[in-house]
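Enquirer: Below are the structure tokens for one structure; questions will follow.
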Amino acid sequence: MIKEYPETHLQKLRIGIHKETIQLVKIHNEYNLHSILHFSTNIICFAILSSYFILSNEKLVILNSWVQEFLYNLSDTIKAFSILLVTDLWIGFHSPHGWELMIGSVYNDFGLTHNDQIISGLVSTFPVILDTIVKYWIFHYLNRVSPSLVVIYHSMNE
């Protein structure tokens, strides 16, 4: 009876380890399934939005003409103020925690594991690159539309 007890105990231990291993494999498979589902959902959403933009070009032309008419009716000072406000709100460097949350959520949405070094690297470079691209686009567009608006924008920005 003494010899059978250790064997029974070892067998129960092996069964417990086997059950725990199966549970860990299920958790790992579930995580991989969620990652694949997140990525495929993003691709499906991108495809739907792309097809909507391609197929509803007439509606976008009407919306574009309405927006341009609205913007042309504004004064240059209000346009410059709006540009400053929008770029500072969307691309403001003053909120690294907000950028961490936004980049981290996009990073997790694509099914990638959380990595503080990559996220902090993106937080330190992405807003600067985005701000440079937006300002270049704004100045390129504004120089064609209204040169006086560029002067007002420069004076308000300083």
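Enquirer: Suppose all protein chains stay in the model; what accessible area per residue would a 1.4 Å probe give for the stretch 22-146, in Å²?
Expert: 78
Enquirer: Now for a different question. Any idea what the dipole of the chain comes to, in debye rounded to 20, about its Cα centre with Lys/Arg Cβ at +1 and Asp/Glu Cβ at -1?
Expert: Dipole of the chain, to the nearest 20 debye: 400 debye.
Enquirer: Consider the candidate values (i) 69; (ii) 62; (iii) 77; state which one is percent of Cα pairs over 18 Å apart computed from the structure displayed.
Expert: (iii)
Enquirer: Are there any helices in the chain, counted as whole DSSP H runs, that stretch 27 Å or more along their axis by Cα and score at least 0.0 on average by Kyte-Doolittle, and if so which?
Expert: Those that pass (Cα extent of 27 Å or more, hydropathy at least 0.0) are 4-55, 116-145.
Enquirer: Shifting gears a bit: What lysines does K79 reach when the alpha-carbon gap must be under 21 Å and sequence neighbours fewer than 8 apart in one chain are set aside?
Expert: Reachable lysines: K135.
Enquirer: A further question follows. Ignoring ligands, DNA and RNA, please state the percent of accessible area on the chain from carbon and sulfur, probe 1.4 Å.
Expert: 69
Enquirer: Let me ask something else. Any idea what the dipole of the stretch 73-157 comes to, in debye rounded to 20, about its Cα centre with Lys/Arg Cβ at +1 and Asp/Glu Cβ at -1?
Expert: Computed about the Cα centre, the dipole is about 360 debye.
Enquirer: Taking +1 at the Cβ of each Lys and Arg and -1 at the Cβ of each Asp and Glu, which of Y31, N42, V86 sits farthest along the dipole of the chain towards its positive end, judged by Cα position relative to the Cα centre?
Expert: The one lying farthest along the dipole's positive direction is Y31.
The values are calculated or read from the model by the stated rules, or taken from the named source; none is laboratory data. Given the structure is predicted, the values throughout are model-derived calculations rather than measurements. Methodologically, a virtual Cβ is constructed for each residue, glycine included, from the backbone with ideal geometry; neighbour enumeration extends over all protein chains shown. Heavy atoms of the whole protein, side chains included, go into the accessibility calculation; ligands, DNA and RNA do not. Shrake-Rupley method; radii C 1.70, N 1.55, O 1.52, S 1.80 Å.
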